[in-house]
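Right, one structure below, let's go through it.
The numbers here are math on the coordinates, done by the rules we state, and not lab data. All figures in this text were calculated on a predicted structure; none of them were measured in a lab. All Cβ positions, glycine included, derive from the backbone under ideal geometry; neighbour counts span all protein chains shown.
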Amino acid sequence: MKKTVTICFTNNKGGSGKSTTCGNLGAALAGAGKKVLLVDGDMQLNLSLSFFNEEEVLEMAESSRNLYYAAAEQQDALPFAVPTRIENVDLIPSSMRMSLIERQLAEAPLPRGRRRELVLSDCLTSARNSGKYDYILIDAPPTLGLWVMNILCASDYVVIPVEASPWGMFGLANMLDFLNEAREISPSTEMMGIVVTKADVRKGYFKQTMETLRELDGIYVFQSFIRVDSNIEWAQDVSSPVVAFKKSSRSAKEYIEFAKEVEKRAGR
Ligand SMILES: Nc1ncnc2c1ncn2[C@@H]1O[C@H](COP(=O)(O)OP(=O)(O)OP(=O)(O)O)[C@@H](O)[C@H]1O
Ligand SMILES: [Mg+2]
């Protein structure tokens, strides 16, 4: 049995494609026969909404069977995993109460010798060791605080989606500094790479974004990038990843290619 690989999707820049990429990568990996656990770490519930309708998401968010409870009460999160309609994809839903998590974690009494930055990692230990999943994919909110530090420290790899737009790279240096801080606590957390999303290849900004990113020292930029595609929004409108909604669409094909590249980067 191969080790479960945990990957998180972070960028303090909002709307960069974190939730879309996390959900679609999960569906693409599952389409390639991998078992995937998605973990919704954001109070916006966007990853959960990519697989369940609003009513279902709100019910899970208001219950006590979600990631917020697991983290706030330092419990095993695995029992909160629910199967999605996509074969081989389970999801641990989020909650609007996630807005309280920063303070909860900062003030929580901890077992002796444990660090506040490793609470989520502990919550996911049994999911990692259960042998049930090839991949655990964690969607992060657009912040850089103790909670995102927990998400980084719970991950083997970090993927940073960057939007191909004039402000897309704004704040990237902060994100990379923050990742370096996380690596001091969790040295096994590695940067997997930057994936460019919402690309419009006809625009000069796309070319400029790619060139600027490729000049960053020691940072891998995925060959695959995701172009702007309205199918992504239509798919989200019906709570489906585009990979399942319209497999023949350009973005579905791009996410399937991206999944292959991720598998390679993860040594699979
Ligand atoms: N390739 C794409 N083509 C068209 N629209 C896209 C594409 N990727 C993402 N979007 C849209 O862009 C918006 C932001 O995407 P998404 O929610 O995935 O970003 P995010 O980084 O998770 O945002 P946040 O920082 O708020 O969590 C969404 O409305 C989504 O539908
Ligand atoms: Mg998001």
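Could you tell me the calculated FRET efficiency between LYS260 and GLN208, based on Cβ-Cβ distance and R0 = 25 angstrom, to the nearest 0.05? Let's see the in-between values first.
Working: r = 27 Å, r/R0 = 1.07.
Efficiency, rounded to the nearest 0.05: 0.40.
Hey, fewest Cβ within 10 Å first, where do MET192, MET96 land in order? List each step's numbers first, then the result.
Details: MET192 21, MET96 14.
Arranged by neighbour count, lowest to highest, MET192, MET96 become MET96, MET192.
What percent does the relative contact order of the chain come to when contacts are Cα pairs within less than 8 Å and at least six residues apart?
The value is 26 percent.
Using amide H atoms built in the peptide plane, which far-off residues or other-chain residues are under 5 Å from ILE92 H to H?
Amide H to amide H, under 5 Å and 5 or more residues apart or across chains, ILE92 pairs with LEU38, VAL39, ASP40, VAL82.
Calculate one ³J(HN,Hα) per residue across region 180-190 by plugging θ = phi - 60° into the Karplus curve 6.51 cos²θ - 1.76 cosθ + 1.60, and present them in order as whole Hz with x for glycine and proline.
In residue order, the calculated couplings are 4, 4, 4, 5, 6, 8, 10, x, 7, 6, 10 Hz.
What does DSSP give for the chain in terms of the percent of beta bridges that are antiparallel, rounded to the nearest 5?
Close to 5 percent.
Taking amide hydrogens as modeled 1.01 Å from N in the peptide plane, which residues meet the under 5 Å criterion relative to ALA199, leaving out close sequence neighbours?
ALA164, ILE226, ARG227, VAL228
Determine ³J(HN,Hα), in whole Hz, for all residues of region 145-150 in sequence, where each value follows from phi through the Karplus function 6.51 cos²θ - 1.76 cosθ + 1.60 and θ = phi - 60°; x replaces Gly and Pro.
x, 4, 5, 5, 4, 4
Once phi is turned into θ = phi - 60°, what whole-Hz ³J(HN,Hα) does the Karplus curve with 6.51, -1.76 and 1.60 give for every residue of region 2-7, x standing for Gly and Pro?
Working through the residues one at a time gives 6, 4, 5, 9, 9, 10 Hz.
Counting other C-beta atoms within 10 Å, which of SER16, SER126 has the fewest, and how do the rest follow?
Ordered by Cβ neighbours within 10 Å, fewest first: SER126, SER16.
By how many nm would the segment from LEU100 to GLU181 grow when fully extended, if each residue of separation counts as 0.36 nm and the alpha-carbon distance is taken off?
My answer for the length gained is 26.9 nm.
Would you mind calculating the gained length between LEU216 and ARG114 on full extension (0.36 nm times residue separation, minus the Cα-Cα distance), in nm to one decimal?
Between LEU216 and ARG114, full extension yields an extra 33.3 nm.
What does the charge dipole of region 90-174 about its Cα centre add up to, to the nearest 20 debye, if the Cβ of each Lys and Arg holds +1 and the Cβ of each Asp and Glu holds -1?
With Lys and Arg at +1 and Asp and Glu at -1, about 380 debye.
For GLU87 and SER130, FRET efficiency with R0 = 25 Å and r from the beta-carbon atoms, rounded to 0.05?
Efficiency, rounded to the nearest 0.05: 0.85.
Taking only DSSP H segments of four or more residues, each worth -39500 (n - 2.57), what value at 222 nm results for the chain once the sum is divided by all its residues, to the nearest 500 deg cm²/dmol?
Values: 13 runs with 111 residues, N = 268.
My calculation for the chain gives -11500 deg cm²/dmol from helical runs alone.
For the chain, give the magnitude of the charge dipole about the Cα centre (Cβ charges: +1 Lys/Arg, -1 Asp/Glu; no others), in debye to the nearest 20.
760 debye
If amide hydrogens are placed 1.01 Å from N in the peptide plane, which non-local residues have theirs closer than 5 Å to the one on VAL221?
Distant-sequence amide H within range of VAL221: ILE194.
Could you list TYR133, TYR220 in order of exposure, starting from the residue whose Cβ has the fewest other Cβ atoms within 10 Å?
TYR220, TYR133
As an exercise, use a Förster radius of 25 Å and the Cβ-Cβ distance of THR143 and SER248 to find the FRET efficiency, rounded to the nearest 0.05.
Rounded to the nearest 0.05, the efficiency is 0.10.
For SER64 and TRP234 in one chain, what is 0.36 nm times their gap in residues minus the Cα-Cα distance, to one decimal in nm?
Extending this stretch completely gives an extra 58.2 nm.
If a/c stays under 1.5 just call it rounded; otherwise compare a/b with b/c (prolate if a/b is bigger, oblate if not). Do that for region 5-265, with a ≥ b ≥ c from the square roots of the Cα gyration tensor eigenvalues. It would help to have the intermediate numbers written out before the result.
Numbers: a/c = 1.68, a/b = 1.23, b/c = 1.37.
Oblate.
Among the GluC sites (Glu not before Pro) in region 43-89, which ones are in a DSSP loop with at most 15 other Cβ atoms within 10 Å of the Cβ? Mind listing them? Spell out each step's value before the answer.
Working: sites: GLU54, GLU55, GLU56, GLU59, GLU62, GLU73, GLU87; in loops: GLU73, GLU87.
Loop-located and lightly packed - GLU73, GLU87.
What does the charge add up to near CYS22, with Lys and Arg as +1, Asp and Glu as -1, over the other residues with Cβ less than 10 Å from its Cβ?
Net charge in that neighbourhood comes out at -2.
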